[in-house]
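For reference, the structure discussed in these notes is given below.
The values are calculated or read from the model by the stated rules, or taken from the named source; none is laboratory data. Bear in mind that the values here come from a model prediction, so they are computed numbers and not experimental data. Methodologically, a virtual Cβ is constructed for each residue, glycine included, from the backbone with ideal geometry; neighbour enumeration extends over all protein chains shown. Surface accessibility is based on the protein's heavy atoms, side chains included, excluding ligands, DNA and RNA. Shrake-Rupley method; radii C 1.70, N 1.55, O 1.52, S 1.80 Å.
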Amino acid sequence: MKKRRYMVTSNFVCPECGMIMPLPRSHGNRRESGHIKDLYCPKCKAERKFMEVGRKNAYTTLDGKVIYS
């Protein structure tokens, strides 16, 4: 019987447009809040340095703006 690998979803925020992109990670490979990762932004159509935020640290308003708490 295989061991089940538990996945945790991390949220990354684009610095240009503010788009939030979820990225699944295994439970043992979690990073701290504020970690920088190079990802492709489909809205900007370019590779950007996304910042990782915790699940409870970022909220999106109805206008689409990202608020960090």
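So how much accessible area does Leu39 have, in Å² to the nearest 10, using a 1.4 Å probe?
30 Å²
Where does the charge balance sit around Arg31 when Lys and Arg score +1, Asp and Glu -1, over other residues with C-beta under 12 Å from its C-beta?
Details: positive: Arg25, Arg30, Lys37; negative: Glu32, Glu52.
Net charge around Arg31: +1.
Run the 1.4 Å probe and let me know the accessible area of Glu47, rounded to the nearest 10 Å².
Rounded to the nearest 10, that gives 130 Å².
Residues with amide H under 5 Å of His35's amide H, sequence separation 5 or more or different chain, H placed in the peptide plane at 1.01 Å from N; which?
Amide H to amide H, under 5 Å and 5 or more residues apart or across chains, His35 pairs with Glu52.
Sort Lys43, Lys3 by heavy-atom solvent-accessible area, probe 1.4 angstrom, most to least.
Working: Lys43 140, Lys3 190 Å².
Heavy-atom accessible area, descending, gives Lys3, Lys43.
Suppose every Lys and Arg Cβ carries +1 and every Asp and Glu Cβ carries -1, with no other charges. What dipole size does region 1-55 come out with about its Cα centre, to the nearest 20 debye? Let's see the in-between values first.
Details: 13 positive and 5 negative charges, 93 e Å.
Value, rounded to 20: 440 debye.
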